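Structure, as structure tokens:
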Amino acid sequence: DQQVKQNSPSLSVQEGRISILNCDYTNSMFDYFLWYKKYPAEGPTFLISISSIKDKNEDGRFTVFLNKSAKHLSLHIVPSQPGDSAVYFCAATPGGATNKLIFGTGTLLAVQP
Amino acid sequence: GAVVSQHPSWVICKSGTSVKIECRSLDFQATTMFWYRQFPKQSLMLMATSNEGSKATYEQGVEKDKFLINHASLTLSTLTVTSAHPEDSSFYICSARPEERPYNEQFFGPGTRLTVL
């Protein structure tokens, strides 16, 4: 049972344009969401997060939007740069006493120069 | 800050042998560390939660006698794959959460590539 889903396995974007990565979840108990970036043979790197009490969080070129009613979140990268090319994972956690992260399947972003 | 290291970065072993992987938080203390594995083109799957000074909590389907976890100090957790078999070949990643970080932001190590021949 995949509680966190990223339905697009890959995405190709031109440099300078906006990249939009999507993520859907099924567990209404999730209250905190995170995006990680991962290069091959390396561990994930934390990018940005959002609490369920917010609908938007922005950090430089990265913005995460949360739509709780639709159980959907998205990561916007603008402007996209070739160095952004990597696999992006969204993750969710129910918080509380557990620190478990439930990861999505990842989206491979390729930013073309 | 919030740097997590893993050792070794890759290891090749013969079937039936045991392999130990270390995970260290270099600039913070972590009462809780996590162990994940990732198969090619798949997501990171949580294997177990490692708590300093107590037994690890394993996820459903993960054999605790095969994947031994020891969290001996606030900066070190080890994963030992016992009697490794080719199907254990995978990318193993650990993570840790600094106590002062809000919510559940985890910082990951660079991973260990295990190949069992």
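General remarks:
- Nonlocal amide H pairs with A:Glu15, under 5 Å, H built at 1.01 Å: A:Gln112
- Take each residue of peptide B:41-51, count the partner chain Cβ atoms within 10 Å of its Cβ, and average: the result is 4.
- Debye intensity ratio I(q)/I(0), log10, the range B:55-111, q values 0.13, 0.19 Å⁻¹ (C-alpha model): -0.42, -0.85
- Peptide B:25-37 - average C-beta neighbours from other chains (10 Å radius): 1
- Taken about its Cα centre, chain A carries a charge dipole of about 120 debye when Lys and Arg each add +1 at the Cβ and Asp and Glu each add -1 at the Cβ.
- Paramagnetic label zone (point 7 Å from Cα along Cα-to-C-beta, A:Gln2; backbone N under 18 Å) in the range A:68-87: A:71-75, A:87
- In this structure the amide hydrogen of A:Ser85, modeled in the peptide plane, comes within under 5 Å of the amide hydrogens of A:Val111, none closer than 5 places in sequence on its chain.
- Of the residues B:Leu68, B:Thr49, A:Pro9, the one whose Cα sits farthest towards the positive end of the charge dipole of the protein assembly as shown is A:Pro9 (charges of +1 on Lys and Arg Cβ, -1 on Asp and Glu Cβ, taken about the Cα centre).
- For the range B:26-46, backbone nitrogen atoms closer than 17 Å to the point 7 Å from B:Ser89 Cα along Cα-to-C-beta are found at B:38-42.
- Size of electric dipole in chain B: Cβ of Lys, Arg +1 and of Asp, Glu -1, about Cα centre, debye, nearest 20: 280 debye
- For the pair the range A:73-96 and the range B:20-70, the centres of their Cα atoms are 23 angstrom apart.
- Label zone at B:Glu100, where the point sits 7 Å out along the Cα-to-Cβ direction: the range B:12-48 residues whose backbone N lies under 11 Å: B:28-29
- Nitroxide proxy distance, nm - points 7 Å out along Cα→Cβ at A:Glu42 and A:Gln112: 2.4 nm
- Taking 7 Å steps out from each Cα toward its Cβ at B:Glu63 and B:Asn51 produces label points 2.5 nm apart.
- Taking the Cα centre of the protein assembly as shown as origin and assigning +1 to Lys and Arg Cβ atoms and -1 to Asp and Glu Cβ atoms, the resulting dipole is close to 240 debye.
- Across the range A:24-37, computed HN-Hα scalar couplings (Karplus, 6.51 cos²θ - 1.76 cosθ + 1.60, θ = phi - 60°) run 10, 9, 10, 8, 6, 7, 4, 10, 8, 10, 9, 10, 10, 10 Hz from first to last residue, x flagging Gly and Pro.
- Close amide H pairs (under 5 Å, H built 1.01 Å from N) link B:Ser90 with B:Leu114, residues at least 5 positions away or on another chain.
Values quoted throughout were computed directly from the atomic coordinates according to the rules given, and no laboratory measurement underlies them. All values derive from a computational prediction rather than experimental measurement. Ideal geometry is used to build each Cβ from the backbone, glycine not excepted, and the neighbour counts take in all protein chains shown.
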